[in-house]
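This report concerns only the one structure given below.
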Amino acid sequence: MDEELRGLLLDHIRKVCRSLAKKGSFLIEEAANQVIADLSAEGARSWKQIRDHFATQVVTRFVNKVITQAQAVDPAQRTLPGLESMPLLVSSEGAAILLAATDLR
């Protein structure tokens, strides 16, 4: 499914870029906005799938970045020398691993 959605998006990007290039130079953001507007206007079910798929990928990368920066908030952990900045979570092969039992509220 991933490759199919990428193919649909890539085909439309190429079409838009060729069209804009015939008029001269253009901004990348202009092309991106045109791709989004065209696919959205077509009401294509594939646009919703493409949008949701790539939004999920971006949010997943952001969650992973936040996890790797998360610091422990367990007050009991601070009583052990050297562990006051131990991460609460680490990520490994797409999974978030809790390093210490703690209330995540």
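Counting just the residues of the range 49-58 that are of a type in the set (Val, Ile, Thr) and open to solvent by 40 Å² or more (accessible area, probe 1.4 Å), which one comes out nearest to the chain's Cα centre (by Cα)?
This residue is Val58.
Taking the range 3-28 as the region of interest, how many residues are open to solvent by less than 50 Å² (accessible area, probe 1.4 Å) and either under 24 Å from Gly94 (Cβ atoms) or assigned to a helix (DSSP H, G or I) (or both)? Spell out the reasoning first.
As a first pass, look at the range 3-28 and keep what is open to solvent by less than 50 Å² (accessible area, probe 1.4 Å): 5, 7, 9, 12, 16-17, 20, 24.
Keeping just the survivors that are either under 24 Å from Gly94 (Cβ atoms) or assigned to a helix (DSSP H, G or I) (or both) gives 5, 7, 9, 12, 16-17, 20.
Matching residues across the range 3-28 total 7.
Condition check ((1) in a strand (DSSP E or B); (2) at pLDDT 60 or above; (3) surrounded by 14 or more Cβ atoms within 10 Å (Cβ to Cβ)) across all residues:
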site	(1), (2), (3)
Glu30	no, yes, no
Val35	no, yes, yes
Trp47	no, yes, yes
Gln71	no, no, no
Val90	yes, yes, yes
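Check the range 21-33 and report whether any residue there is under 23 Å from the mean Cα position of the chain (by Cα) and in contact (Cβ under 8 Å) with a residue 24 or more places away in the chain.
The first filter runs over the range 21-33 and keeps only residues under 23 Å from the mean Cα position of the chain (by Cα), leaving 27-33.
Then drop every residue that is not in contact (Cβ under 8 Å) with a residue 24 or more places away in the chain, which leaves none.
For the range 21-33, residues under 23 Å from the mean Cα position of the chain (by Cα) and in contact (Cβ under 8 Å) with a residue 24 or more places away in the chain: absent.
The values are calculated or read from the model by the stated rules, or taken from the named source; none is laboratory data. These figures come from a predicted structure and were not determined experimentally. No Cβ is skipped: glycine too gets one built from the backbone with ideal geometry, and neighbour counts run over all protein chains shown. With ligands, DNA and RNA removed, areas are computed over all heavy atoms of the protein, side chains included. Shrake-Rupley method; radii C 1.70, N 1.55, O 1.52, S 1.80 Å.
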